[in-house]
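*Asks:* Sharing a structure, written as structure tokens. Questions coming.
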Amino acid sequence: MKQTLRNLVVIFSLFIFPELGKSQCPNDNVLVAGNLTPPGVTLSTTQNYQFGQYVLANVVAGANYTVSTCSNSSFDTQLTVYNDATGAFLAYNDDFCGLRSQTSFTPNFCGEVRVLVDLFFCSTSTSSVDVTMTMNTAGSGIPSLTSAPDLQACTNNTVTLGIANNGSGGTTPYAYDWQPPTNLASSTVPQTTATVTATQDYTLTLTDANGCKATDTVLVTLLPAPTVNLGNDTTLCGGPILLDAQNPGATYLWSTGAGTQTLNVTLSGNYSVAVQDLNGCMNSDNIIITINPNPVVSLGNDTSTCNANLTLDAGAGFSNYSWTTGSSVQTTNVTSTGNVAVLVTDGNGCQASDTVNVTMNPAPTVNLGADTTQCGGTVTLNAGNPGALYFWSNSTSSQTTSVSSTGTYSVDVITAAGCSNSDTINVTINNQPNANLGPDTAICTAAIVLDAGNPGATYLWNNAATSQTISAGTGTWSVQITDPSGCSAQDTVVVTANVPPSVSAGPDQDICPSQSATLTGSGGLTYVWSTGAPTQSISVSPSTTTTYYVTGTDINGCSASDVVLVNVLPGSNAQFIFNVTGATANFTNQSTNAVSYSWNFGDASGTNTSANPSHTYNVNGTYTVTLTVTGPCGTDTYTQVVTITQVGLQDVDLANSLSIYPNPNDGQFTVSFEFSKAKNVTIEVVDVAGRNIFTDEESNITSFKKEIGLTAADNGMYLVRILTNDGVVTEKVMVQR
């Protein structure tokens, strides 16, 4: 009944004071603030509560607790303690209308209890009261824990976790349990170490001998190691390569000893770096760098060529060639102007390239044309290619050259680009026949001879004549002349009639050497002599006989000519030959320009005036014979020595029978003679100078007859000598062809 009444009071109180049924939690753990050591210290929390309000408190099994309230109100307060986990009543009081309410309890568990303050009516004098609740504790006490501050650590670093206080709450040590599990050195040691691999909470649960627990948490924040990534092992061509450890502001140590963020690598090798960031966290990485040298390819300097194609060579030793021409071998053939490039790859896969500018300069086209033949004139040869240099075989240097004679002509042409070409041509220029019949003329005779000249040509006159010359009277005459080469020419002349003058050069004249003669023309108005003298009379002194002519021209311009001979009489020239027959010398006169002769035979026989005398000597000996001749222009003397050895020694038989015929002859004549008895004989023919030109010897003959031929002998006198043991006979023979 009492309980029912309480319930009604509670309900009534909640109805009248609705805020009494509301739960307010100004402090979730009002008992935590106490000190865990030393044990037995009373824990108290004093706080004003309104009716119907509850408070949570932690309790330890086996401890004695007293909960009291104090109120000046006319209400009665009732304290009820619940096991907060199960809702079971632990203690309550039911005092009514007192100023103080109090209850005690000893829990058999550790945990939270709910202390509820109820209010019951004792009077109706007031509507609310303040209640002061004091909760005292006694006994062994409850564990209390404060852990170390939150931590930061680098990956895989070891940290030490501990607590700020660790009161034992009795003689039994606490048990420590870290979650997640750590490497506990001892269950009785509050510190532990942990290897940090991630950011997480580490929670320590402290359990005392009564099984009561206290917990606290330490946040260990993982500081990430700096990211160090030098990349994959690298093989490159040429280099260098820049390695970057990143993490600006960090501290760096390279395997080379460098302390910079980046490292410029130019040599192959294994490179590593250690990086420590501003938090002290470290990381490292390494990389193997292989630097293969770049291949070297050179196509040479930019080039010009006059050829139709050019071969470029990238050099041997490469594994691959790629030309812009499309070629994939070591060389390429270039046929057009432009840039040509090649990309080569060596055995390491490294590449290099080069480019060359090729200028294809075409050779000039030089065409002098086909070989040419023409009649007279000149031929103009054109080498083309304006602006080039020209070297002609006739030593000219212009684009064109004119040639006027037959020959082979060539030219070398060099363009501004230095390219050259040449050509050769055979030029035949046949002489144009010279068709010149002379000027129109007036003739003084019935006809004149027109001469077309050009011997060997063919002719066609307007009168159909085909000869070189024609006899032409008055009229118009023309001729077409064609030479053997086919070249032709034409000329026309008009012939009119005039009576020519009768011109005389005077009579022929004889003069001696060094003398002069006066020649006088007549019959004309003006005169021109063959000497060039334009006078009517001229004086001439020729050294030899000379014919002079004079052309006289009358008032009509008609001319006529006459000739005169000036005969230069030669001086007299004494000359003779002789032969001796026995004692007789036969003299043949060979003098010229003589009109009289005087012989002195050298033997006191007196002079002889015959032209060709014979003289018989009475005594053998040597005689000087002198011939003196006289002519129109003076005298001359000639001497020879005559030796007589056969006075009285002449073969009588031979002299009586000798016959030579014909005489004179043309070099062919017959010699015949007879002897009364057989003899040996020698027949000789000698010239006037005594040279032997024929010899014949016969033995033991009584007669002789033979034709002698002097086919190679010059005209003149020769001596035939016939010798026997009895004497000599000499006869003269005259050769005249």
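The values are calculated or read from the model by the stated rules, or taken from the named source; none is laboratory data. The shown structure was predicted, so the numbers you read here are calculated from the model rather than taken from an experiment. A quick note on method: Cβ atoms are made from the backbone with ideal geometry, for glycine too, and the neighbour counts reach across all protein chains shown. Each accessible area value is taken on the protein alone, full model and side chains, heavy atoms only, with ligands, DNA and RNA left out. Shrake-Rupley method; radii C 1.70, N 1.55, O 1.52, S 1.80 Å.
*Asks:* Using 1/(1 + (r/R0)^6) with R0 = 60 angstrom and r between the beta carbons of Thr424 and Lys706, what's the FRET efficiency to the nearest 0.05? Spell out each step's value before the answer.
*Replies:* Working: r = 71 Å, r/R0 = 1.18.
Efficiency computed from Cβ-Cβ geometry: 0.25.
*Asks:* Would you mind counting up the charge near Leu437? Only other residues with Cβ under 12 Å from its Cβ, with Lys and Arg at +1 and Asp and Glu at -1.
*Replies:* Summing Lys and Arg as +1 and Asp and Glu as -1 gives -3.
*Asks:* Please tell me the relative contact order of the range 522-581 in percent, rounded to the nearest whole number, where contacts are Cα pairs under 8 Å and at least six residues apart.
*Replies:* 31 percent.
*Asks:* Further question: Could you check the simple spin-label distance between Glu112 and Thr616, using points 7 Å along Cα→Cβ, in nm with one decimal?
*Replies:* Here the modelled spin labels are 21.3 nm apart.
*Asks:* Tell me the accessible surface of Arg737 in square angstrom (1.4 angstrom probe, heavy atoms of protein chains only), to the nearest ten.
*Replies:* We get 140 Å² for Arg737.
*Asks:* If I model a spin label as a point 7 Å beyond the Cα along the Cα-Cβ vector, how far apart are those points for Thr197 and Asn294 in nm?
*Replies:* Label-label distance for Thr197 and Asn294, simple model: 4.9 nm.
*Asks:* Could you grab the relative contact order for the range 586-737? Cα pairs under 8 Å, six or more apart, rounded to a whole percent.
*Replies:* Relative CO of the range 586-737 lands at 18 percent.
*Asks:* To the nearest 10 square angstrom, how much accessible area does Ser328 have with a 1.4 angstrom probe?
*Replies:* Surface accessible to solvent at Ser328 totals approximately 80 Å².
*Asks:* Okay, next question. Label the range 275-325 by shape, choosing from rounded, prolate and oblate, from the square roots a ≥ b ≥ c of the eigenvalues of the Cα gyration tensor; if a/c is under 1.5 it is rounded, and otherwise prolate applies when a/b is larger than b/c, oblate when it is not.
*Replies:* Details: a/c = 5.94, a/b = 3.98, b/c = 1.49.
Judged from the Cα gyration tensor, the range 275-325 comes out prolate (a/c at least 1.5, a/b above b/c).
*Asks:* Turning to a different aspect of this structure: Rounded to a whole number, what % of the accessible area of the range 560-641 do carbon and sulfur atoms account for, probe 1.4 Å?
*Replies:* Exposed carbon and sulfur together represent 46 percent of the surface.
*Asks:* Using 0.36 nm times the number of residues separating Ser255 and Asn301, minus their current alpha carbon distance, what extension gain do you get?
*Replies:* Roughly 12.1 nm would be gained on extension.
*Asks:* Also, I was wondering about something else. Each label point is 7 Å from the Cα along the Cα-to-Cβ direction; what then is the distance between the points at Asp603 and Tyr661, in nm?
*Replies:* So the label points at Asp603 and Tyr661 sit 3.2 nm apart.
*Asks:* Now, a different point. Rounded, prolate or oblate for the range 448-575? Axes are the square roots of the Cα gyration tensor eigenvalues, ordered a ≥ b ≥ c, and the cut-off for rounded is a/c under 1.5.
*Replies:* Taking the square roots of the gyration eigenvalues as a ≥ b ≥ c, the range 448-575 is oblate.
*Asks:* Quick one: net charge around Ala585, please, counting Lys, Arg +1 and Asp, Glu -1 for every other residue with C-beta under 15 Å from its C-beta.
*Replies:* Result for the neighbourhood of Ala585: 0.
*Asks:* Rounded if a/c is under 1.5, else prolate if a/b is larger than b/c, else oblate: which is the range 479-554, with a ≥ b ≥ c the root eigenvalues of its Cα gyration tensor?
*Replies:* Taking the square roots of the gyration eigenvalues as a ≥ b ≥ c, the range 479-554 is oblate.
*Asks:* Per residue, how large is the accessible surface of the range 314-408? Use a 1.4 angstrom probe and give square angstrom.
*Replies:* That works out to 52 Å² per residue.
*Asks:* For the range 338-421, which whole-number percentage of the solvent-accessible area (1.4 Å probe, protein heavy atoms only) is attributable to carbon and sulfur atoms?
*Replies:* Solvent-exposed carbon and sulfur of the range 338-421 make up 46 percent of the total.
*Asks:* Can you give the accessible area of Leu343, probe radius 1.4 Å, in Å² rounded to 10?
*Replies:* Its heavy atoms expose roughly 70 Å² to the probe.
*Asks:* Set the Förster radius R0 to 45 Å, insert the Cβ-Cβ distance between Thr400 and Val449 as r into 1/(1 + (r/R0)^6), and round the FRET efficiency to 0.05.
*Replies:* About 0.50, to the nearest 0.05.
*Asks:* Working out 0.36 nm times the residue gap between Gln246 and Thr466, then minus their Cα-Cα distance, what length gain in nm do you get to one decimal?
*Replies:* Gain on stretching Gln246 to Thr466: 67.4 nm.
*Asks:* Right, next: Please compute the length gained on full extension between Asn156 and Asn436, using 0.36 nm multiplied by the number of residues separating them and subtracting their Cα-Cα distance.
*Replies:* Full-extension gain reported as 87.7 nm.
*Asks:* Go through Ser504, Ser336 and list them by solvent-accessible area, largest first, probe radius 1.4 Å.
*Replies:* Putting Ser504, Ser336 in descending order of accessible area: Ser336, Ser504.
*Asks:* Can you put Cys419, Cys512 in order of accessible area, largest first, using a 1.4 Å probe?
*Replies:* Working: Cys419 0, Cys512 25 Å².
Solvent-accessible surface, decreasing: Cys512, Cys419.
*Asks:* Starting from the residue with the highest accessible area, list Met360, Met734, Met282 in decreasing order, probe 1.4 Å. Could you put the intermediate results ahead of the total?
*Replies:* Working: Met360 25, Met734 50, Met282 115 Å².
Ranked from most to least accessible, the order is Met282, Met734, Met360.
*Asks:* Right, here's the next one. How much net charge surrounds Ala194 when only the other residues with a Cβ under 15 Å from the Cβ of Ala194 are counted, with Lys and Arg +1 and Asp and Glu -1?
*Replies:* -3
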